[in-house]
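Below: the structure, in structure tokens.
The values are calculated or read from the model by the stated rules, or taken from the named source; none is laboratory data. Nothing here was measured: the structure is a model prediction, and the numbers come from that model. With ideal geometry, Cβ positions are generated from the backbone for all residues, glycine too; neighbour counts draw on all protein chains shown.
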Amino acid sequence: MTQDSDLDTVIRRRIRGLRMARGWSLDALAARCYLSPSTLSRIETGHRRIALDQLVPIARALDTTLDELIESDDDEDVVIRPQPEHTRGLTTWLLSRERTLHGVTVAKMRITGERPPAPLGVHPGREWFAVLSGTVRLQLGDRTILVAAGDAAEFSTMTPHHFGAHGGPVEILTIFDNDGERAHLHASDHDE
């Protein structure tokens, strides 16, 4: 079996799997992507070659992207081996790949008392983090909120904010949107 036919098989399974997960018949999906049910059936079963001009409307009808529909399913892509990035008082492990779907970045952070204080930052979007160990001191405007291990926080990043360790090292799992990633992970002067 060639790599092309392996990918074709993966694409066919994805189309069928997404259709079935939505509880749609062949007729229902065919109506949404403007193909005949018999054409769609032959695509799913491998009795018809898959053409790009068919994949685009199928992906759109299944509420997915063409990239997601045709991406490789190599096991090498499954495991992420994060490399720690160290700055004073902060170690970050990126747990998602570059340019992830929906523009979010997942990271694990370890913050110690050595992290220098920073001015409260503001940027568009929302942030979320869960505390894995320790206690986070979250500064939101004039409010100081302590977030303990096992708890999570979500807030608008248009509120001036900063977070750090309280009473010892803290580890968090965090999700940043594109603006948050630029502000927190690519800031040149430690502003968070």
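Of a type in the set (Lys, Arg), in contact (Cβ under 8 Å) with a residue 24 or more places away in the chain, farther than 18 Å from GLU71 by Cα and part of a helix (DSSP H, G or I): which single residue out of ARG16, ARG32, ARG12 fits that description?
Working: ARG16 fails: farther than 18 Å from GLU71 by Cα; ARG12 fails: farther than 18 Å from GLU71 by Cα.
Checking each option against the conditions leaves just ARG32.
Only one of VAL79, VAL131 is under 30 Å from THR65 (Cβ atoms) and out of contact with any His (no Cβ under 9 Å at 6 or more places or on another chain). Can you tell me which?
Details: VAL131 fails: under 30 Å from THR65 (Cβ atoms).
Exactly one residue qualifies, and that residue is VAL79.
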Seminar exercise, completed: Only unsatisfied item for ARG42, checking (1) farther than 20 Å from GLU68 by Cα; (2) part of a loop (DSSP other than H, G, I, E, B), is (2)
Seminar exercise, completed: Across (1) within 19 Å of PRO84 (Cα to Cα); (2) of a type in the set (A, V, I, L, M); (3) surrounded by 15 or more Cβ atoms within 10 Å (Cβ to Cβ), LEU132 clears everything bar (3)
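For region 148-179, which positions are closer than 22 Å to GLU114 by Cα and in a strand (DSSP E or B)? Break it down stepwise before answering.
Of region 148-179, the ones closer than 22 Å to GLU114 by Cα are 148-149, 160-174.
Residues satisfying the conditions are ALA148, HIS161, HIS162, PHE163, GLY164, ALA165, VAL170, GLU171, ILE172, LEU173, THR174.
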Exercise. Mind checking whether some residue in region 75-90 is touching a helix residue (DSSP H, G or I) at 6+ places or on another chain (Cβ under 8 Å), modelled with pLDDT of 85 or more and crowded, with 16+ Cβ neighbours inside 10 Å?
Worked result: no
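So, in region 119-147, of the ones that are small (Gly, Ala, Ser) and in a loop (DSSP other than H, G, I, E, B), which residue ends up farthest from the chain's Cα centre (by Cα)? If you could, list the steps in order and put the result at the bottom.
Let us first name the residues in region 119-147 that are small (Gly, Ala, Ser), namely 121, 125, 130, 133-134, 141.
Filter again for in a loop (DSSP other than H, G, I, E, B), leaving 125, 134, 141.
On the way: GLY125: 15, GLY134: 25, GLY141: 28 Å.
Only one residue fits best here, namely GLY141.
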Exercise. For the subset of region 91-116 comprising residues that are assigned to a loop (DSSP other than H, G, I, E, B) and over 18 Å from the mean Cα position of the chain (by Cα), which member is modelled with the highest pLDDT?
Worked result: THR112
